[in-house]
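S.K.: Provided herewith is a single structure, encoded as structure tokens, for subsequent inquiry.
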């Protein structure tokens, strides 16, 4: 459970049970290192995008834009995988704390499922959300 800005402990840890959102999923995604917005720290918030699977020769990027799945998703952890030729990491594993507190486009469960599928295909791109929450 991430600690928010200006919090000593997560508010949900001390809020009445009736006020705590229960639909929270920790979703691990593998992000190609070259698409990372720099190093991520626990508590940073990211926007989660999915890029098209393939473009045909007739398609242009405008015809198949990336899809925004969620905005302001807190990072629970981040670690580079030790893989790749010449010592460079090919992917970074990022665990996201997905809940209704983030601006999800669909239900939390559906958004998590779409993230997992896109991650397996190497199509997840994260952008850093600099706005304080």
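S.K.: What is the extension gain from residue 28 to residue 93, computed as 0.36 nm multiplied by their sequence separation minus the C-alpha to C-alpha distance, in nm to one decimal?
M.R.: That works out to 22.7 nm of additional length.
S.K.: Multiply the residue separation of residue 110 and residue 7 by 0.36 nm, subtract the distance between their alpha-carbon atoms, and state the gained length in nm to one decimal.
M.R.: Values: separation 103, 0.36 × 103 = 37.08 nm, distance 2.96 nm.
Additional length available on full extension: 34.1 nm.
S.K.: What order do you get for 95-101, 34-40 when each peptide is scored by the mean count of other beta carbon atoms within 10 Å, highest first?
M.R.: Peptide ranking by packing, descending: 95-101, 34-40.
No value in this document is a laboratory result; all are computed from the given coordinates. In this text the structure is predicted, and so the values were computed from the model without any measurement. Glycine gets a Cβ as well: all are built from the backbone with ideal geometry, and neighbour counts include every protein chain shown.
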